[in-house]
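Below is one structure, written out as structure tokens, with a few remarks after it.
The values are calculated or read from the model by the stated rules, or taken from the named source; none is laboratory data. Predicted model, so just to flag it, every value in this text is computed and none were measured. Here the Cβ positions follow ideal geometry from the backbone for every residue, glycine too, while neighbour counts run over all protein chains shown.
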Amino acid sequence: MGTEEKKVEEQKLKKAEKEQKEKKDLNEIFENLDGLLEKMEGEDSLEKSFAIYQKAVSLLKEANESIDQIEKQVKLLDSEQKGGLDA
């Protein structure tokens, strides 16, 4: 991997890390989901249960995006490490 390619990859990694920091922490998301589940279990109103469900789906999407971003970072680091070993 050339010097210019390494710079581009480093910029991508820094951007991904910044985006990750701006999003909620995965632990926070899962704690929020647990809280929503408890609320939903005690809720008698279908309308309120559905509103809670919608919030939970939104949090699950956010968690999935966060996990995808982490996976991309791991792949990028792995490819950099393999490239460094070959050089």
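Being surrounded by 11 or more Cβ atoms within 10 Å (Cβ to Cβ) and either within 30 Å of E4 (Cβ to Cβ) or aliphatic (A, V, I, L, M) (or both) is the requirement here; does E43 meet it? Taking the combined requirement at face value, the residue does not satisfy it.
Count of region 13-57 residues, restricted to those that are in a helix (DSSP H, G or I), modelled with pLDDT under 75 and under 18 Å from I67 (Cβ atoms), is 9. I67 is checked against (1) in contact (Cβ under 8 Å) with a residue 12 or more places away in the chain; (2) surrounded by 14 or more Cβ atoms within 10 Å (Cβ to Cβ) and fails just one. What number does that condition carry? Every condition holds for I67 apart from (2).
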